[in-house]
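J.: Got a structure here, written out as structure tokens. Questions coming.
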Amino acid sequence: MHFYKQTAGRKLFNVVNLSFLTIVTFMCVVPFIHLLAVSLSSNAAASAGSVKLWPVGFTLEAYGFLGQKPEFLRSLGVTLQRVVLGTAINMLLVFLTAYPLSKTHEQFRYRVYYVWFFAITMFFGGGLIPTYIVVKETGLMNSIWALIIPGALSVWNAVLMLNFFRGIPRDMEEAALIDGAGHWSILWKVYLPVSLPSIATIGLFTLVGHWNSWFDGILYMNSPDNYPLQTYLSTLVTSINIKMITVEDLSTLQNLSERTLRTAQIFLGALPIMLVYPFLQKYFIKGMTVGSVKE
């Protein structure tokens, strides 16, 4: 057996690298810890700015105020519906777009024209007003589809998936064709099973985009009852003293500050993504196709 012996330079590099990554990790985690601490602190402590990394005057009233509102639960349901439908539709369209465009010119003669057709949309768009008019005239206003269909296909994600598909060994596709498989079977039974890193990455980006989106909710929803979570929370904070409170909430708001509610909003908005990310991170490693084809 041969044991690898680290040199002094290698050991120094490992120490410096580990120290640097530890500092970067600390810088990423500390803001969330601070947000959580402020959201769990009393009105006086949060307003005075005396909260650092530990709650001062511990209280759950900010989360209680947000959670007991039926509008909050309703908006959460809209967001969950949007995330599930939007991510599924986005990924399906990405697959169906990337697969034919990943073929060679001999396999798909008009591939270049379609690539340019999609690429142009990445640099030129109609703008906010034409998009709003299209959504309104197609009858999508004030429905969940107004939050999904306008951005149903991300060309950038399609390009990422296209490049990943082009890296899959052609021997796998040829073997499937010899066995009598069609393009539909090749896509779902050959390409997708070996594309988990790309699928996880694009899927996570899509999920985060749908979860964090708030402006289209204000733009396309005429009724607050149809607001997604981020739109509701944004409206709650910006108009908390006018529209989003009732008489019963006044006594509760006396013990809360705007800063406490803002931090609770940000933490609730980021928490689901922080919980999902660790389960998808392992798929970010490329190279799952290595060894799929034997010489």
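J.: I'd like the full set of residues that are assigned to a loop (DSSP other than H, G, I, E, B) and of a type in the set (S, T, N, Q), limited to the stretch 42-88.
T.: Hits for the stretch 42-88 are Ser42, Ser50, Thr59, Gln68.
J.: Can you tell me which of (1) modelled with pLDDT under 85; (2) in contact with a Gly (Cβ under 9 Å, 6 or more places away or on another chain) is the one Asn90 doesn't meet?
T.: (1)
J.: Which members of the stretch 179-210 meet the condition of being of a type outside the set (A, V, I, L, M), under 15 Å from Ala88 (Cβ atoms) and open to solvent by 20 Å² or more (accessible area, probe 1.4 Å)?
T.: Trp188, Phe205, Gly209
J.: How many residues does the stretch 107-161 hold that are open to solvent by less than 60 Å² (accessible area, probe 1.4 Å) and aromatic (Phe, Trp, Tyr)?
T.: Going through the stretch 107-161 one residue at a time, the tally reaches 2.
The values are calculated or read from the model by the stated rules, or taken from the named source; none is laboratory data. Not measured: the values here are computed from a predicted model. All Cβ positions, glycine included, derive from the backbone under ideal geometry; neighbour counts span all protein chains shown. Only protein heavy atoms, including side chains, enter the accessible area calculation; ligands, DNA and RNA are left aside. Shrake-Rupley method; radii C 1.70, N 1.55, O 1.52, S 1.80 Å.
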